[in-house]
Structures are given as structure tokens and as C-alpha cells.
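The values are calculated or read from the model by the stated rules, or taken from the named source; none is laboratory data. Bear in mind the structure is a predicted one, so any value in this text is a computation, not a measurement. As a convention, Cβ positions derive from the backbone with ideal geometry for all residues, glycine included, and neighbour counts pool all protein chains shown.
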Amino acid sequence: MAMAVPTSAGSPRRARSLLLVVVMIVAVAGCAQLMADSIETLMKQGIELLTAGKYDAAVTKFLEVVQRDPKSWNGYLYLARAYIGKGAWGDAITSGKKALELAPSATEVAPTLAEAFLGGFDRRLRYIENGDVAEPGGQQVIDKRGLAAAHIDDRCMGANRGSLDQS
């Protein structure tokens with residue numbers, strides 16, 4: 001005895017449409033998992049490069065992380081750390097601020113941001129401690145007696161310049 005299968009015109013189409021939807025869902029879920037795995041892999045690679053002192057390569061990895069996931073506070077945190085390693089203080093501060101914005105309660109963000117803020121200052125202190133007279137950029141750091149030099153130009157002093165010269 002043969003079983004009768006309904007053969008309405010919409011059934012094969014509905015079945016194909018349903019199959020197509022299922023395939024698309026599986027593909028999208030697979031891509032999302034692949035993307036997540038890729039971000040995790042990029043983070044691991046970046047941390048390894050950072051630890052090895054390969055700051056430019058680490059920056060590249062962390063930039064890829066934050067490009068793929070702009071809400072990755074951890075990506076911005078490690079990007080700031082890589083910039084600190086390079087001595088790129090402005091970029092380190094920008095990345096650290098973004099990490100803080102995304103994760104204000106994460107305890108590891110504030111020390112990294114503070115290190116970025118103090119980085120340029122710390123660099124100048126190292127030159128003074130080493131007895132160097134000038135930074136690599138040529139700006140004077142200490143005077144001939146070993147005292148910190150303070151250079152004040154006319155724009156900073158404005159109208160008060162004359163009163164200081166008279167004293």
C-alpha cells in the first residue's frame with residue numbers, strides 16, 4: 001500500500017526556502033564564531049609580540065582587534081600598552097582613554113592610562129638622570145649647572161614680562 005504525499009505547488013518551494021534559511025543561519029553563526037576566534041587569536045598574538053618587545057607588530061594586531069570589535073576595551077588597553085612600549089605617548093593616551101570609556105570599572109585600565117600620561121615626563125627624567133643636556137629632538141632639558149631649565153617665551157608671559165624684567 002503506497003502512501004499519498006500531498007503535492008501542492010508551494011510545498012517544494014517552501015522546503016527550499018526553509019533549507020536556504022537554515023543554511024544561511026548556520027553560515028552566519030559560523031562566521032560569527034570564526035570572527036570571535038580570530039579576535040581571540042589576534043589578542044594572543046599581540047600579547048606575545050608585546051611581551052617580546054615587538055611593539056610595531058603588536059600595534060598592528062591590536063588595531064585589527066579594535067577595528068573588528070570597536071567595543072573591545074581589552075583591545076584598546078593592550079593597544080595603549082603597545083604604544084607605551086613604542087614611546088608614542090599621544091596614541092597611548094588616546095587608546096587608554098577609549099579603554100577607560102568602555103570599561104570604567106576595569107582595574108587594569110587606570111594604571112595603564114596613568115603610565116601613558118606620565119610617559120613623556122618619565123622620558124625627560126631619564127635624560128636628566130643620565131646627565132644628558134638635550135633630548136633627541138634637540139630641546140634643552142638641563143642647563144650647564146645641571147639644573148632643570150625652564151624656557152618661557154614671550155607668548156606665555158604676555159604683559160607680565162616687563163614687570164619680571166624690572167625685578
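Inspect segment 124-135 for any residue being modelled with pLDDT under 60, part of a helix (DSSP H, G or I) and acidic (D, E) and give the result as yes or no. Lay out the reasoning, then the answer.
Of segment 124-135, the ones modelled with pLDDT under 60 are 124-135.
Next, only the ones that are part of a helix (DSSP H, G or I) stay: 124-129.
After this cut, where a residue has to be acidic (D, E) as well, the list is 129.
Within segment 124-135 (the criterion being modelled with pLDDT under 60, part of a helix (DSSP H, G or I) and acidic (D, E)), the answer is yes, since at least one residue qualifies.
Can you find, within segment 56-81, the residue that is farthest from the chain's Cα centre (by Cα) among those that are in a helix (DSSP H, G or I) and of a type in the set (D, E)? Across segment 56-81, the extreme among qualifying residues is D56. With respect to (1) touching a helix residue (DSSP H, G or I) at 6+ places or on another chain (Cβ under 8 Å); (2) modelled with pLDDT of 95 or more, the lone exception for P70 is condition (1). Would you mention how many residues in segment 21-47 are modelled with pLDDT under 65, in contact with a helix residue (DSSP H, G or I) (Cβ under 8 Å, 6 or more places away or on another chain) and within 14 Å of N74 (Cβ to Cβ)? Counting residues in segment 21-47 that are modelled with pLDDT under 65, in contact with a helix residue (DSSP H, G or I) (Cβ under 8 Å, 6 or more places away or on another chain) and within 14 Å of N74 (Cβ to Cβ) gives 0.
Among the candidates L63, L77, L18, which residue alone is surrounded by fewer than 16 Cβ atoms within 10 Å (Cβ to Cβ) and either more than 30 Å from P111 (Cα to Cα) or modelled with pLDDT of 75 or more (or both)? Spell out the reasoning first.
Details: L63 fails: surrounded by fewer than 16 Cβ atoms within 10 Å (Cβ to Cβ); L77 fails: surrounded by fewer than 16 Cβ atoms within 10 Å (Cβ to Cβ).
The conditions single out L18.
Among the residues of segment 40-84, the one identified as touching a Lys or Arg at 6+ places or on another chain (Cβ under 6 Å) and among the polar types (S, T, N, Q) is Q45.
Within segment 104-123, none of the residues are farther than 17 Å from E40 by Cα, crowded, with 22+ Cβ neighbours inside 10 Å and basic (K, R).
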